[in-house]
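Student: Let me give you the structure first, and then I'll get to my questions.
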Amino acid sequence: MNITMKETEKMDVDNEIRRHNSFTSPGTRRAPVSKRAGRERCHSYHAQVFNSFDSSDKKISIANPNPKMSFRVVRSSKFRHVYGQALKREQCYDNIRVSKSSWDSTFCAVNPKFLAIIVESAGGGAFIVLPHNKVGRIPADHPLVGGHKGPVLDIAWCPHNDNVIASGSEDCVVKVWQIPDGGISRTLTEPVVDLVYHQRRVGLVLWHPTAQNVLLTAGSDNQIAIWNVGTGEVLLSLDCHPDLIYSACWNWTGSKLLTTCRDKKIRIIDPRKGEVEAEAIAHEGSKASRAIFLKHGLVFTTGFSRMSERQYTLRTPDALGEPIVTVEIDTSNGVMFPLYDPDTNLIYLCGKGDSVIRYFEVTPEPPFVHYINTFQTPDPQRGIGMMPKRGCDVATCEIAKFYRLNNSGLCQVVSMTVPRKSELFQEDLYPDTLSDEASLTADEWLAGEDAEPCTMSLKERAVVVQGGYVSGRAQQLTVNKRSNALATGKDREKEREKDKDRSPTPAQKRDDSQAGTPASATPPPAVTAAIEKQLSDLVEEIRKLKSVIVKQENRIRALEAAAKAAILSPPPPEPSPLPEHNHDTPVPETMAPDEV
């Protein structure tokens, strides 16, 4: 039987259609692998094989003359099957009075050691700090961190010290706190340092990714202040926003700053020069927008359209006004917070008041932002925090962990996992991630130096104990306050008088010696009569102890000499004494020796 080429192609197409129908029919059972392969072939067949189909004469026109169809339309990605799973309620944190403030903040910050949540507090603002092992129902009288006079609006953990956290409040003050290992046992009201600069409430605090002790704060006075927390002084102040600042984000090396403002514009700023390098309209809607820098320099924004539809865009820094991608999501009212994972290039969109977490993958191929899946929960979220990668459990292929705050007072832990059967370390899922070490000092960064963030390998330094990386020992934050460069002449005189009355610390002496002033030039404190008496008593005690030690040494030497002499010349043996006999009692001559 002779079969032409067209008939062969038509038979192959018919077989492909029948195979697809068998996959979709409910009465047919096939292996999942074959099912997926068949669907991929069917999708490729629909997308690339047919150009036209004429039903009158059943004529088929095929773009590829080769009947073997090896096309792949489904995008290949290791994160296609990432799924989210919420932990059980007893493994979460319950009975937390989450803040009811209307400020657009995440209300939650997390690192590998602690979980911090802004809570309702009478008589001021406070937030709660919990170690990760303190799960379950939190007592109502649990100690708080509460030194603010107004509600706390934003908190952020230091990326280079897991025991240091900064908080901004409506009382216009930024406070930096030192949290001891194991958490706090009583209410903490004394911060390490108070940062006072803003004239109105402070709603944004953000640490620098590479420089040690560099903190950015933004307030409702439309001002941005960049601090050196180690000295408590303002390094830079930026006044280039005409309205309220919604968000700020550093780029990968910390050399540029990306901000969003109420005037609907996004700006790329050189913070050390104070210049706006580029600006453009982000979203036409009047509601709050957010923008983040991706690892390779792209800009990702979330906001609202003119019709109040939520949307996201992807842009390049050299063409901010022309988005590469603009996608509308829904018509909800909640502000979307983009949470970015630079290791996997995944972006998680978490809306305030939403009950879902959408996640996308950013790739160089169009459409560049690929939707992956949605994690659905029944309860709306009030805030959310994302664990750094060094706090994820590498044994279960966990690539992200979220802490969702519900209105009911529950902090729900959600784990994002890549399904893998192997129990070995997955190097493709865990490249070198950000470590807790700083690349630069604050002075080096201010002088114009830039450096890549320090990274670490989770295979070498991650320890899987109770589901995450165990940080090192607590590092104490030391603050060496200098004179405020923004103070007036009278204020500087007052500070100098206070410095005269106050004895210098070793750190201050070291700074003075480095600055050219010898540390010995500082006059010592006055010596009183009581101190002189204590010193004389100590000297007398030391003299007595020395005399006792000398006597004991002489006695030990004499004993050692006597012992040595006794060993070298042993004494002669003494004669054995004769037994004493009683003359009244005669001794028989035949008595045995043992009977005497």
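The values are calculated or read from the model by the stated rules, or taken from the named source; none is laboratory data. Worth saying up front: this structure is predicted, and the values here are computed from it rather than measured. Please note: Cβ atoms are built from the backbone with ideal geometry, for glycine as well, and neighbour counts cover all protein chains shown. Side chains included, ligands, DNA and RNA excluded: accessible areas come from the protein's heavy atoms. Shrake-Rupley method; radii C 1.70, N 1.55, O 1.52, S 1.80 Å.
Student: Among (1) over 13 Å from L320 (Cα atoms); (2) modelled with pLDDT under 95, where does G297 come up short?
Tutor: (1)
Student: Kindly indicate the residue of the range 407-429 that is open to solvent by less than 10 Å² (accessible area, probe 1.4 Å) and at pLDDT 95 or above and also farthest from the chain's Cα centre (by Cα) among those meeting that condition.
Tutor: For the range 407-429, the residue satisfying everything is V418.
Student: Those residues that are open to solvent by 10 Å² or more (accessible area, probe 1.4 Å) and either on the phi > 0 side of the Ramachandran plot or small (G, A, S) (or both), I need them from the range 110-144; list them, please.
Tutor: Correct list: S121, A122, G123, G124, G136, A140.
Student: Checking R201 against (1) surrounded by 18 or more Cβ atoms within 10 Å (Cβ to Cβ); (2) of a type in the set (K, R); (3) out of contact with any Leu (no Cβ under 7 Å at 6 or more places or on another chain), which single condition isn't satisfied?
Tutor: Evaluating R201 over (1) surrounded by 18 or more Cβ atoms within 10 Å (Cβ to Cβ); (2) of a type in the set (K, R); (3) out of contact with any Leu (no Cβ under 7 Å at 6 or more places or on another chain) leaves (3) as the failure.
Student: Find all pairs meeting these conditions: Cβ atoms under 6 angstrom apart; at least six residues apart or on different chains; first residue within the range 134-163 and without any contact (Cβ under 8 Å) to a residue 40 or more places away in the chain; second residue buried (at least 22 other Cβ atoms within 10 Å of the Cβ).
Tutor: Qualifying pairs under 6 Å: H148/G125; H148/S169.
Student: Moving on to the next point. Between K389, K352, which is surrounded by 15 or more Cβ atoms within 10 Å (Cβ to Cβ), among the basic types (K, R) and within 27 Å of E309 (Cβ to Cβ)?
Tutor: The match here is K352.
Student: Among (1) modelled with pLDDT of 95 or more; (2) in a loop (DSSP other than H, G, I, E, B), where does Y340 come up short?
Tutor: Result: Y340 passes all but (2).
Student: Please indicate, with yes or no, whether at least one residue in the range 204-222 is within 19 Å of A248 (Cα to Cα), open to solvent by 10 Å² or more (accessible area, probe 1.4 Å), touching an Asp or Glu at 6+ places or on another chain (Cβ under 6 Å) and not in a loop (DSSP other than H, G, I, E, B).
Tutor: Yes; the residues of the range 204-222 include at least one that is within 19 Å of A248 (Cα to Cα), open to solvent by 10 Å² or more (accessible area, probe 1.4 Å), touching an Asp or Glu at 6+ places or on another chain (Cβ under 6 Å) and not in a loop (DSSP other than H, G, I, E, B).
Student: OK, next. With respect to R200, determine if the residue is assigned to a loop (DSSP other than H, G, I, E, B) and in contact with a Ser or Thr (Cβ under 9 Å, 6 or more places away or on another chain).
Tutor: Spelling it out, R200 is indeed assigned to a loop (DSSP other than H, G, I, E, B) and in contact with a Ser or Thr (Cβ under 9 Å, 6 or more places away or on another chain).
Student: Taking interchain pairs and intrachain pairs at least six residues apart, which have beta carbon atoms under 7 angstrom, with the first residue in the range 223-252 and touching a residue at least 60 places away in the same chain (Cβ under 8 Å) and closer than 13 Å to L204 by Cβ and the second open to solvent by less than 20 Å² (accessible area, probe 1.4 Å) and assigned to a loop (DSSP other than H, G, I, E, B)?
Tutor: Partner pairs satisfying both residue conditions: Y246/A288; Y246/S289.
Student: What are the pairs with Cβ atoms under 6 angstrom where one residue, in the range 360-378, is assigned to a loop (DSSP other than H, G, I, E, B) and the other, located anywhere, is surrounded by fewer than 16 Cβ atoms within 10 Å (Cβ to Cβ) and of a type outside the set (A, V, I, L, M, F, W, C)? Sequence gap at least six, or different chains.
Tutor: Once the first residue is assigned to a loop (DSSP other than H, G, I, E, B) and sits in the range 360-378, its partners that are surrounded by fewer than 16 Cβ atoms within 10 Å (Cβ to Cβ) and of a type outside the set (A, V, I, L, M, F, W, C) give T377/S355.
Student: For the structure I just gave you, tell me whether A156 is in contact with a strand residue (DSSP E or B) (Cβ under 7 Å, 6 or more places away or on another chain), surrounded by 24 or more Cβ atoms within 10 Å (Cβ to Cβ) and modelled with pLDDT of 95 or more.
Tutor: no
Student: Within the range 240-331, considering only strands (runs of 3 or more DSSP E) that don't extend past its boundaries, which have at least 1 residues that are farther than 24 Å from P342 by Cα, β-branched (V, I, T) and open to solvent by less than 30 Å² (accessible area, probe 1.4 Å)?
Tutor: Per the criteria, 245-250.
Student: Could you list, in sequence order, the residues of the range 165-182 that are in contact (Cβ under 8 Å) with a residue 60 or more places away in the chain and open to solvent by 20 Å² or more (accessible area, probe 1.4 Å)?
Tutor: Within the range 165-182, Q178, P180, D181 qualify.
Student: While we're here: Do you know which residues across the range 236-251 are among the hydrophobic types (A, V, I, L, M, F, W, C) and either farther than 18 Å from L446 by Cβ or within 24 Å of the chain's Cα centre (by Cα) (or both)?
Tutor: Selection gives C240, L244, I245, A248, C249, W250.
Student: In the range 370-386, how many are more than 22 Å from the chain's Cα centre (by Cα) and buried (at least 20 other Cβ atoms within 10 Å of the Cβ)?
Tutor: Qualifying residue count, the range 370-386: 1.
Student: Output the residue which, of all residues in the range 83-108 that are under 27 Å from P419 (Cα atoms) and of a type in the set (A, V, I, L, M, F, W, C), is surrounded by the most Cβ atoms within 10 Å (Cβ to Cβ).
Tutor: Once the filter is applied, the top-ranked residue is C92.
Student: Could you go through the range 367-386 and let me know if any residue there is under 22 Å from W157 (Cα atoms) and basic (K, R).
Tutor: Yes, that holds for at least one residue.
Student: Only residues that are touching a Gly at 6+ places or on another chain (Cβ under 8 Å) and over 17 Å from V229 (Cα atoms): list them for the range 170-190, please.
Tutor: Listed by number, the residues that qualify are E170, D171, T187, L188, T189.
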